[in-house]
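Asks: This is the structure I have questions about; it appears just below.
The values are calculated or read from the model by the stated rules, or taken from the named source; none is laboratory data. Quick caveat, the model's predicted, so the values are computed rather than measured. Because the Cβ atoms are built from the backbone with ideal geometry, glycine has one as well, and the counts that use them run over all protein chains shown. Keep in mind that these areas ignore ligands, DNA and RNA; they rest on the heavy atoms of the full protein, side chains included. Shrake-Rupley method; radii C 1.70, N 1.55, O 1.52, S 1.80 Å.
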Amino acid sequence: MTQLAARTGVSDTYPNPSNATAKAALAAMWDVINEMSQAAEIDLASAATCNIGGQASRKLRITGTTGITSFGTTYTGPIMLRFGGALTITHHATTLICPGGVNLAVAAGDMLMATPKCTTSGTFDGWIILSYLPVGGL
């Protein structure tokens with residue numbers, strides 16, 4: 001799985017990045033898009049800490065019904081999750097941000113996209129759920 005370049009690695013020379021920097025950033029972005037659309041979905045068992053960033057795919061099916069309080073500290077994103085069972089994702093104000101700032105109860109078939117979040121200095125420090133699509137629609 002390709003990891004995106006650090007935010008500062010792309011913007012160090014903004015607005016005039018070198019061709020090499022711009023090409024490398026575009027290639028990394030292309031790899032992520034390709035992985036999101038072409039990679040196989042793999043199963044990952046639900047657990048209190050569910051290390052979504054440490055998997056070999058950006059498309060995961062979370063199996064089981066154990067509640068999730070953390071997506072782990074391996075930050076490679078964005079990652080698409082589909083759930084095989086009902087469970088609760090526990091909101092945390094800094095390390096696992098759920099939509100609306102509340103716990104998220106998901107059902108089998110629900111999908112969401114999570115991405116690492118970082119401080120203003122570019123240090124990754126948690127995950128944010130960018131979108132959530134219940135199986136029955138919004």
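Asks: Kindly indicate whether I42 is surrounded by 13 or more Cβ atoms within 10 Å (Cβ to Cβ) and touching a strand residue (DSSP E or B) at 6+ places or on another chain (Cβ under 8 Å).
Replies: Working: surrounded by 13 or more Cβ atoms within 10 Å (Cβ to Cβ): no; touching a strand residue (DSSP E or B) at 6+ places or on another chain (Cβ under 8 Å): yes.
No: the conditions fail for I42.
Asks: Can Q55 be described as open to solvent by 60 Å² or more (accessible area, probe 1.4 Å) and not β-branched (V, I, T)? Let's see the steps before the verdict.
Replies: Numbers: open to solvent by 60 Å² or more (accessible area, probe 1.4 Å): no; not β-branched (V, I, T): yes.
Spelling it out, it is not the case that Q55 is open to solvent by 60 Å² or more (accessible area, probe 1.4 Å) and not β-branched (V, I, T).
Asks: Same structure, new question: Could you say which residue among I62, I129 is in contact with a helix residue (DSSP H, G or I) (Cβ under 7 Å, 6 or more places away or on another chain) and open to solvent by less than 40 Å² (accessible area, probe 1.4 Å)? Reasoning before the result, please.
Replies: Values: I62 fails: in contact with a helix residue (DSSP H, G or I) (Cβ under 7 Å, 6 or more places away or on another chain).
It is I129.
Asks: Would you check which residues across segment 63-82 are of a type in the set (G, A, S) and under 18 Å from S131 (Cα atoms) and list them? Full working, then the answer.
Replies: In the first step, residues of segment 63-82 are kept if they are of a type in the set (G, A, S); the result is 64, 67, 70, 72, 77.
Answer for segment 63-82, where residues must be of a type in the set (G, A, S) and under 18 Å from S131 (Cα atoms): S70, G77.
Asks: Do you know which of the residues in segment 73-119 that are of a type outside the set (A, V, I, L, M, F, W, C), open to solvent by less than 30 Å² (accessible area, probe 1.4 Å) and at pLDDT 95 or above is farthest from G136 (Cα to Cα)?
Replies: Checking each candidate, the answer is G85.
Asks: Go through segment 22-39 and count every residue that is loosely packed, with under 12 Cβ neighbours inside 10 Å and in contact (Cβ under 8 Å) with a residue 12 or more places away in the chain.
Replies: 0
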